[in-house]
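Asker: Below is a structure I'd like to ask you about.
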Amino acid sequence: MKRRSISLTIFLAIVLVFAVTTSTYSASIQQDLVRESTIEKVVKRGVLKVGMSTFVPWAMKDKKGDLIGFEIDVATRLAEDMGVKVEFIPTKWSGIIPALLTGKFDVIIGGMGIRPDRNLKVNFSIPYDYTGMSLLAHKELAAGFDSLEDFNRPDVSIAARIGTTAAAAAKKFMPRAKLRLFDDESQAVQEILNGRVHAVVASAPLPAFQAIKYPDRLFLPLEANFTREPIGFALQKSDVDTLNYFNNWIRVVEAEGWLKERKHYWFGTRDWQDLVQ
């Protein structure tokens with residue numbers, strides 16, 4: 001009995017030591033995760049590094065060369081609420097996710113649609129906006145076209161920006177058309193202005209703005225957008241603290257009505273037109 005009692009005591013002591021060690025180790029891991037989260041690094045650094053690309057009116061340069069637009073407002077307000085400065089890092093859209101994964105910046109705030117294939121590589125915040133694809137057509141080349149099916153023909157050429165949901169939408173809805181991809185939407189617009197493509201697929205409201213700007217050459221063949229896409233912040237995986245902060249920040253500014261107000265200014269008016277180049 002005495003030996004059993006001693007053995008039981010030793011066993012309980014071992015269990016206790018194991019439990020304390022495990023608890024300490026778990027707490028250490030949790031502290032390391034908190035310490036290594038993007039949100040902690042940003043606060044310590046004093047700068048939020050934002051990956052973005054130019055999309056009118058999401059992000060563009062004004063006459064002084066400064067960045068303005070809906071996404072610029074969103075990222076600037078986010079940084080202000082974190083008590084840090086913001087640094088914008090313009091990046092080609094086709095390489096923006098790899099740049100995030102290599103740590104070139106902390107977050108992508110650039111009108112990025114939340115897609116399952118992208119979600120395999122990055123985490124997304126809850127949507128802070130919704131957008132959709134629109135079609136901009138050439139008046140002569142696409143005369144009489146008023147449906148997606150009209151453009152879904154082998155003798156039709158469609159332009160879109162490479163790596164975007166616009167390119168994916170063109171492939172999905174007009175698979176028979178010839179798709180030409182460009183690094184920048186301005187290049188795609190130039191192609192249609194020069195009469196080298198029948199149409200351009202792009203996020204609204206860019207097609208509408210271009211149709212207004214060039215009414216003698218361009219028009220909108222569809223009455224409404226033909227897709228609806230949620231837009232979110234993209235960040236590296238396994239960063240629960242940062243994702244939690246971004247999600248709650250979006251909820252707060254949405255409840256304030258601030259997101260709606262900024263969206264209306266950039267997408268519902270042309271009050272900013274004189275600011276851009």
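Any read-out appearing in this document is the output of simple, stated calculations on the displayed coordinates, not a laboratory observation. All figures in this text were calculated on a predicted structure; none of them were measured in a lab. Neighbour counts are summed over all protein chains in view; Cβ atoms, including those assigned to glycine, are modelled from backbone coordinates with ideal geometry.
Asker: What ³J(HN,Hα) values, in whole Hz, does the Karplus curve 6.51 cos²θ - 1.76 cosθ + 1.60 give for segment 256-268 when θ = phi - 60°, with x put for Gly and Pro?
Answerer: Couplings: 5, x, 5, 4, 5, 5, 5, 5, 5, 4, 7, 9, x Hz.
Asker: Here's a follow-up. Report, by chain and number, residues whose modeled amide H sits under 5 Å from the one on E229, excluding near sequence neighbours (fewer than 5 apart, same chain).
Answerer: T131, G132
Asker: Looking only at D62, D155, D146, which one moves most when the chain is put into a Gaussian network model with springs between Cα atoms under 10 Å?
Answerer: Evaluated over the chain, the most mobile residue of the options is D155.
Asker: Distance cut-off 18 Å, Cα to Cα: go down the list K49/K104; K44/K85; K104/K237; K172/K213 and report the pairs above it.
Answerer: In this structure, K172/K213 exceed 18 Å between Cα atoms.
Asker: A further question on this structure: Of T164, L218, A202, which is farthest towards the positive pole of the chain's charge dipole, taken about the Cα centre with +1 and -1 on the beta-carbons of Lys, Arg and Asp, Glu respectively?
Answerer: About the Cα centre, the residue reaching furthest to the positive side is T164.
Asker: Another question about this same structure. What are the ³J(HN,Hα) values, in whole Hz, obtained from phi via the Karplus relation 6.51 cos²θ - 1.76 cosθ + 1.60 with θ = phi - 60°, for each residue of segment 60-72 in sequence order, with x given for Gly and Pro?
Answerer: 7, 9, 8, 5, 8, x, 8, 7, 9, x, 4, 5, 5
Asker: Return the sequence-ordered ³J(HN,Hα) values of segment 143-160 in whole Hz as given by the Karplus equation 6.51 cos²θ - 1.76 cosθ + 1.60 applied to θ = phi - 60°, using x for Gly and Pro.
Answerer: Per-residue couplings from phi come out as 4, x, 6, 9, 8, 4, 5, 4, 8, 8, 9, x, 8, 10, 10, 10, 10, 7 Hz.
Asker: Then there's this: Give me the extension gain from R45 to A99: residue separation times 0.36 nm, minus the current Cα-Cα distance, reported in nm with one decimal.
Answerer: 17.5 nm
Asker: Just need the relative contact order of the chain here, percent rounded to a whole number, with Cα pairs under 8 Å and 6+ apart.
Answerer: In percent, rounded to a whole number, it is 24.
Asker: Also, quick follow-up: For q = 0.17, 0.19, 0.22 Å⁻¹, what log10 I(q)/I(0) does segment 104-232 give under the Debye formula with an equal point scatterer on each alpha carbon and no solvent?
Answerer: Computed log10 I(q)/I(0) values: -0.84, -1.01, -1.29.
Asker: Using modelled backbone amide H atoms (1.01 Å from N, in-plane), which distant-in-sequence or interchain residues come within less than 5 Å of E87's amide H?
Answerer: The list, which skips near neighbours in sequence, is L48, K49, V50.
Asker: 222 nm [θ] for the chain, helices only, -39500 (n - 2.57) per DSSP H run of 4+, per residue, to 500?
Answerer: The helix contribution divided over the chain gives -13000 deg cm²/dmol.
Asker: Within segment 133-219, what percent of beta bridges assigned by DSSP are antiparallel, to the nearest 5?
Answerer: 50
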